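The values are calculated or read from the model by the stated rules, or taken from the named source; none is laboratory data. None of the values given here were measured: they were computed from a predicted structure. Positions of Cβ are backbone-derived with ideal geometry, glycine not excepted, and every protein chain shown enters the neighbour counts.
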Amino acid sequence: MAVPLLAIDGLTISFGPPERPVRAVSDLQLDSVGLLTLVVGLEDRFRVALKEEDAAAVRKIADARIPMTSTLAVFIPHFSPDNTPLFRDRLPYPWNTVSSAGQGPVNARLLWEAGVSYGYGTDTSWPPKESLRDELRALSVTFSPKDIVTILTRNAARSVLKADQLGTLEPGKLADIVIVDGDPLADIDDVLKVVTTIKGGVVVSEPAAARRAGAR
């Protein structure tokens, strides 16, 4: 049984182990802020539990229009090149918390179905591409490729309060674009196959073969 860290009308974010309580926050008004960010540094495992039967808790978050970020990869093992399962801190994966690997995506889907803007985020110590790969694994449990593309783009921009600049291809927004070799709407892993990166309308990265072809 983990120690409750944050409880809001049925929403409980719990950290363990129980013999090491961290702190408690009470009477947090969700509708008083535009973005709720919780950052806690722990050496031990943690678990997030959302009461599935408490629709009012989910509804309160949705009505408050608080964008949420995923960070689901913290619950699943990251596999090293020698196939060792590791936790986000690069220590051995704590298998006594593995149930959270399934509960996290379920919680995420409940929030999504309630209308919460759910965007991509990570909270690991791995390189960006590896963190993205792990997050895609976790998100794929309860989200379709089309859903995940929305999570990675439009909703991620909302989560960082930059929806007016990023997240979709529209006139007046920043020309930050990645071109991939594939169709992420059919296979979400294709987002890992980036061939060209454009930032502010300027190509900043492309394959050597394409650069050679353009020089001819």
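How about the range 90-106: which of its residues are in a loop (DSSP other than H, G, I, E, B) and either on the phi < 0 side of the Ramachandran plot or surrounded by 19 or more Cβ atoms within 10 Å (Cβ to Cβ) (or both)?
Result: L91, Y93, P94, V98, S99.
Just the residues that are hydroxyl-bearing (S, T, Y), in a helix (DSSP H, G or I) and either in the same structural domain as P184 (by TED's automatic domain parsing) or free of Cβ contacts under 8 Å to residues at least 40 places away in the same chain (or both), please, taken from the range 107-160.
The answer is T150, and nothing else.
Please list, ordered by first then second residue, the pairs with beta carbon atoms under 6 Å, 6 or more apart or interchain, first in the range 58-81 and without any contact (Cβ under 8 Å) to a residue 40 or more places away in the chain, second of a type in the set (S, T, Y) and surrounded by fewer than 22 Cβ atoms within 10 Å (Cβ to Cβ).
Listed by first residue and then by second, the contacts come to P77/Y93.
Across the range 85-126, what is the total count of residues that are among the basic types (K, R) and under 16 Å from V58 (Cα atoms)?
Of the residues in that region, 1 qualify.
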